Structure formats: C-alpha cells, structure tokens
Amino acid sequence: MKRMGNTLLFLALILWGSSVANAKINVVTTTTDLADLVRQIGGPHVTVQSITKARQDPHYVKAKPSLMVKLRRADLLVSVGLDLETGWLPRLIRGSRNPKIRSGEPGNLKVGGFIKAIGIPTAIDHSHGHVHAHGNPHFWLDPVQFKKIVSTVTKRLMKLDPAHGTDFKGRAAALSEKLDAKLHEWTKKMAPYKGTPLVSYHDTFNYFYERFGLVGVGTLEIKPGVPPSPKHLNRAIQMVKGNDVKVILHEIYHDERPSKFVAKRTGAKIVILPTSVGGVPEASDYIGLMDVLVNTFVGTMETIAQ
Amino acid sequence: MHAAPKAPMRVCIALSILFGILFVPSGYAQTTTMQERPNTWNPQISAGIVFLGGYSTADEHAHEEQHGLESGLQLQEVELRLMSNVDPFFRGVLSLAGHMHDGVMEVGFEEAFLSTLAIPDLTIRAGKFLLNFGKSNLRHTHARHYLTAPMPTQALTGADHLLGVGVSLDYLLPLPFFTELNLQAVRPAWETGHTDDPGGHAHGSDEDPLDLTYVTHLKTLVDLSDTTTLELGGSYMGNQDDHGHLESTWGVDMTLKWVPLERARYETIDWTTEYISAHRDGVKGDGLYTSLRRQTAQRWWLQLRGAILGLTRETDSRRYRGETMLAFAPSERSAIRLQYALETLAHSDTTTDDHHDLVHEVFLQFIVSMGAHPAHAY
C-alpha cells in the first residue's frame, strides 16, 4: 500500500515536472493570419488557435460564450487592433475572466499599433458608417506591413518565454528572409499592372493596392458596413464605367449580389478572393495566401488582356 | 483725410471676417478630431433613445389584467450609460435611465455597480444591477427582442425589469464547454410597473433592509457544430415574505441558434422557449413562451412569439398572447421595428362578452444608440 502511494507520488511528480518543462505558451489570436504568424515564430513552444475562421468576416463576429471558454486559459491574446474587433473582443475578454489577457497586460497584444495605418479619417462621425478611428485595419494584405509585426510578435513571445528567446529570434529571421524573397517575386509579377483601377465591396484591399501600385476607385458599399441601395449601385455602375474598371474584387464572406449586379451591367469581371489564411485550401499559410491573391489577380488580368 | 487711413483697416477687418468664415469650419473640424484622442481618458459613454408609438384596443375596454402597451406616443426608454475600467482591479458601470409612466417621465439610476477584473474565473459585482433571472431580464429595453418582455415573465415576476442592490458572484466553471453559475443576493429595487399589480408585490421602502432576495442562475452553452449552438438555462429566485414563508419563482429555458460562418451578417435563426413558475403570495401560476427569430438579410428580421399564462394551473384565467414583428436595422446603431400583438383572456365563467377579451396592438418603435460601439451580443 505504501509502495503504491510512493509510486503514485512519483508519477505525479513526473507528470508535474514534464508539464512544467513542456509548458507551451497558450496563444489565442483573433484571425487565422495572426495564428499563422505566431505558429511560425513560436514553433513547438506555443499552441495557437484563432477565434475567427478564415471564411468569417472579422468585423461581424458575435461574442459567443464558447469563445470565452477558449480565452479563459490563454497566456497571450494577439489581435489586429485598429478597432477591427471592437464590437466583440472586449466582451469576450471580460467574459473569459482571464486577467492575463486584459488590455494593457503583457498577455494582450494589439499588432495594429505597430504598423503604418492608412485611411485614418480626418473627422469622426458615425454618419460616415462604421469608421475605424485609427485607420483601415486590413493591413495584413500588404506583406511589408505584415513583416513589420514579425518583430513585434517575436518580442512579446520572448517576454513571456525568455528561455526560448533565441529559438523565436531564429525562426523570425528565417520568416523575414522568406517574406523578402517572396515580396520580390510578388512585386515583379504585379509590376505590369501598376495603375490598374479597381473596385471592391468593402475597403478590404486598400493596403494591397498601396503595395502594388493599384488604384482603388471606390467601394460598392455606401459607407463601411452599410449595404448598397439600388441608387448607390447605379452610381457604382457609373463609377466602374467612368474609371474603366475591368475587375471587381470581392471578399469571400460578402453578399455576392451587389458585385454581380454591377458586373452584369458593366462587363467587369468579379474576382472572389480570400482575405485570410485558410480562406481557400491553397492559402494554407500567409505566403500561400499572398500567392493566391497575386496569382488570381495576375491570372484574371491576363485573361482580360487576351 | 479721416477716411483714408481707415480704408486699409476696413479691408483688414473685411478680410479677417472672410478668413474667419472660410477657416472656422475646417478649424472646428480639426478641434473635434483632436478631441477624439484625449477623450480616451473619459469613461466610455453611450446614450440610447427608444421611441414608441401605436394603438392598443385594450384602452377601449379598460382591461384590468392587461399587461401590454399603452396607446399613444411615448419614450419607452432614455438611457445614458458610462462604463470604464477604474483601475487594474475594478470596472465601473453607471446608467441613468428614464421611462415614461402614464405620460410622466421618471428618471433614475437604473444600474450602478463595480465589477472585479483581476480574479481568474470569477466576477464579483456590487451595487445596483439587473437580476439574472430567466432568459430575458438582462436585456435592457432597447436590446429586447420584442417591444415588451415576454408576457409570462412580466406577469409572473411582477416587474418590467427585476433590479436589486446587492452582490453578485459570476463563476465560469472549469469545463470544456461554457457553463456559468451566477449567485446574487440583493435588496429588491424594482417597481412593479403596474398600478393594478394583482399581487400587491410592490417593493417599497417599508421593507426590512435585511429581507434579501436570492437569485441563482446556471447557464450552459454547447457548440453542436461551427454554426449551431444549444443553450440551456435554469434560474431560481427566492425570498421570505412578511410571515416568514418562502416565496419562489423558477424558470428553465432552451435556445437553439444558427449563425452560418460566412454569412453571419446576412442570416441567422434563433429559437427560444422558456417556462416560468411562480409560487408567491398573490402570484401563483406558470407560463410558457416560445419565440422564433429569423434574420433574412443584413438588416431585416422577422419574428414570431407565442405565450400562454396559466399553463398547468390557474385555469380559470388562462391568457394567450401572440406577437409578430418586422424589424429593420439601417445600421448597428439604429432600428425601426413594427409589432402586432393579439392577446386574449379565457374566463371559465362566460358571463363576460368574449369579444371584449380580444386585445389588438399595433406599435412602431425607433431605437438609436449613440457613443461607444454597441457589443455584438450572441
């Protein structure tokens, strides 16, 4: 009996010891892109899960109680920031009753503060729709902006797990190098299409335009978050015709009818694009996502040219 | 001689006025944007207005047990709400609300409480807050799914909103799925809302301050799939009456919700059913309602709710109410809702004219919310 007790104690010690030695940082991110980034830098020292699924609109997530359960044991919450998650994340953080991930704690990282935001409104008025006071939050579709947050995430992981600091640094350096090489390739592929006028449903692709010298002439939405009326769609048709727009970019999760309506009356082509890692099977990681965006765009432009 | 030196001066004045006119608007715009940032030190402020107008045939017959809406125009709710983290340990919420009763606006502090931020798994609240009884009491007037609280809830709890001054412990159980246990001990602070309250259950100042009401609420939510959740809830409210007898009210509820991943913004369905049973002095009985809400487009909802009061007992005055609503929300911050309701009272003695027992209601409601971004409640 005593021996059994000793064995149990021994087993318990082993289990406890191994759990400490293998203590992984439990990271929860708001988007799959951030999850991919943390996974690439953290490697075997982190467990990562994303709150939103790739085909979900990150603006319109509901603060589902089961998501609070996901967050309750998190050591680190990585979010986009720039008010993208403002409608649901504060409520989830409170509901998780996890003091570690509260705003201002080391366990809460908003990466949006570390990039150069575009589209910062000059006046803030809700009659302008769902405006983001600190700028357009969809920065991850520009690989240069995305690369900026590699070091931000690395530093935070090092702070939470200094023992694996060199490992994180090494992985981050490798990722940055890979991104640089790919950026060179993407820029080259996109170069012939500089100045191409484009229309999208929502202001999702502005950073993508900025990086590759494309010109966004407008959106099909009346204002951010406000769906188009028939009158507005007629104006959008004029906009598409007037600017000689050949391509309408459409986010995977938005209603296709407005884009189809405009495309049918203007002859413009609709390109449905994923906006996050995992949105289509080929976009299995960040580089895969950018490959899909660049290749789909280039492919469409080539068919139009023929 | 005198006019000559003044001429350039006039030009200067005219120019400065002109410049003033030209630049004041842009200058003004700049100061407002500049102020957006320092405002971050202030509490989050939100304000809401709920305007209601319509007609109910109940007024023609002056029904005694009519719990529906009053004909005419009214402000159903005006609310000013301040929220802020106080320090790393506490968060404060304060709301000033006005409701219209018989054409008179009554304003008061609806909620005022502190809640803890730094305790893992547990939130402790102290102050005045909404009691976590049943499925609908935590919803403020502007967030309700229909124009009024469910008829059985309203009739069996005897209040429009149950409020109390006290403490609340809210514990997230260490389970792989969401399960929350909420315990509340409060001094009741609600008005019955009805001058002809059948139970005389008014909570006035003559009550013993140590007469506490206790509320227990268990809520669990399971993901059946990526798109569907099942929520089960049970709540109990108990207190001792003046003679030391236990008075209690309890309820169970079930909600199925469907939110498609990609089209979460365009279509959703939720179906809620709740049963409530009251065993209090003056209010004894039970009731059930079921509600189906269908979001058909980004901004449109179609809803149906049916309710029975006196389901298994109190068969001498069973009451039915059916409601149908069409809601249009131009944005997340505004909504226009049209509701038609039909209510009927079935007497066991048929001396009264049956025709008089049918009540029709048609109401139109406008809701706006200003300030802090409203949360996307699930």
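The alpha-carbon of A:Lys159 sits under 19 angstrom from the alpha-carbons of these lysines, leaving out residues fewer than 8 places away in its chain: A:Lys24, A:Lys100, A:Lys110, A:Lys148, A:Lys169. Considering only alpha-carbon pairs that sit under 8 angstrom and 6 or more positions apart, the relative contact order computed for chain A is 15 percent. Applying 0.36 nm per residue to the separation of A:Asn243 and A:Ser103 and subtracting their alpha-carbon distance, the gain on full extension is 46.0 nm. Between B:Gly134 and B:Ser235, the built amide H atoms are under 5 Å apart, and every one of these is 5 or more places off in sequence or on another chain.
Distance from the alpha carbon centroid of the range A:251-292 to that of the range B:225-276 works out to 38 angstrom.
Once the C-beta distance of A:Asn234 and A:Lys269 is scaled by a Förster radius of 22 Å, the resulting FRET efficiency is 0.65 to the nearest 0.05.
Amide H contacts under 5 Å for A:Leu214: A:Gly195, restricted to partners 5 or more places along the chain or on a different chain, H placed in the peptide plane at 1.01 Å from N. Residue-wise HN-Hα couplings along the range A:141-151, as the Karplus relation 6.51 cos²θ - 1.76 cosθ + 1.60 with θ = phi - 60° gives them from phi, are 7, 10, x, 5, 5, 4, 5, 4, 8, 4, 5 Hz; Gly and Pro carry x. Sorting A:Phe297, A:Phe261, B:Phe109 from the fewest to the most surrounding beta carbons within 10 angstrom yields B:Phe109, A:Phe261, A:Phe297. In this label model, B:Thr228 and B:Thr273 are separated by 1.5 nm, measuring between points 7 Å along each Cα→Cβ vector. Sorted fewest first by neighbouring Cβ atoms within 10 angstrom, A:Leu293, B:Leu94 come out as B:Leu94, A:Leu293. Going 7 Å from the Cα of A:Lys155 in the Cα-to-Cβ direction, what parts of the range A:70-86 have a backbone nitrogen less than 20 Å from that spot? Those under the cut-off are A:76-83. The lysines within cross-link reach of B:Lys128, meaning a Cα-to-Cα straight distance under 24 Å and a gap of 8 or more places when in the same chain, are B:Lys219.
If I take R0 = 60 Å and measure r between the Cβ atoms of B:Tyr340 and A:Ile120 in this structure, what FRET efficiency does the formula 1/(1 + (r/R0)^6) give, to the nearest 0.05?
0.85
Along Cα→Cβ, 7 Å out, is where each label goes; now give me the distance between the ones at B:Leu175 and B:His245 in nm to one decimal. Those two pseudo-labels are separated by 3.5 nm. Around B:Val252, what is the net charge, scoring Lys/Arg as +1 and Asp/Glu as -1 over all other residues with Cβ under 15 Å from its Cβ? Summing Lys/Arg as +1 and Asp/Glu as -1 gives -2. Among A:Glu221, A:Glu256, A:Glu85, which one shows the biggest mean-square fluctuation in a GNM of chain A, springs joining Cα atoms closer than 10 Å? Ranking A:Glu221, A:Glu256, A:Glu85 by mean-square fluctuation puts A:Glu256 first. Summary of the geometry: the range B:152-190 and the range A:96-168, compared by the centres of their Cα atoms, lie 36 Å apart. In plain terms, the residue of B:Trp41, B:Trp301 with the fewest other Cβ atoms within 10 Å comes first and the most crowded comes last, giving B:Trp41, B:Trp301. Evaluating kT/(6 pi eta Rh) at 10 °C and 1.306 mPa s, with the Kirkwood radius of the range A:115-267 over Cα pairs in the Stokes-Einstein relation, gives 90 µm² s⁻¹.
Rounded to whole numbers, the Karplus 3J(HN,Hα) couplings from phi for the range A:212-225 are 9, x, 8, 10, x, 8, x, 10, 7, 5, 5, 9, x, x Hz, using 6.51 cos²θ - 1.76 cosθ + 1.60 with θ = phi - 60°, and x at Gly and Pro. The lysines within cross-link reach of A:Lys241, meaning a Cα-to-Cα straight distance under 17 Å and a gap of 8 or more places when in the same chain, are A:Lys231, A:Lys260, A:Lys264, A:Lys269.
Here, each number is a calculation from the coordinates, and none is a lab measurement. Fair warning: this is a prediction, and the values are worked out from it, not measured in the lab. Methodologically, a virtual Cβ is constructed for each residue, glycine included, from the backbone with ideal geometry; neighbour enumeration extends over all protein chains shown.
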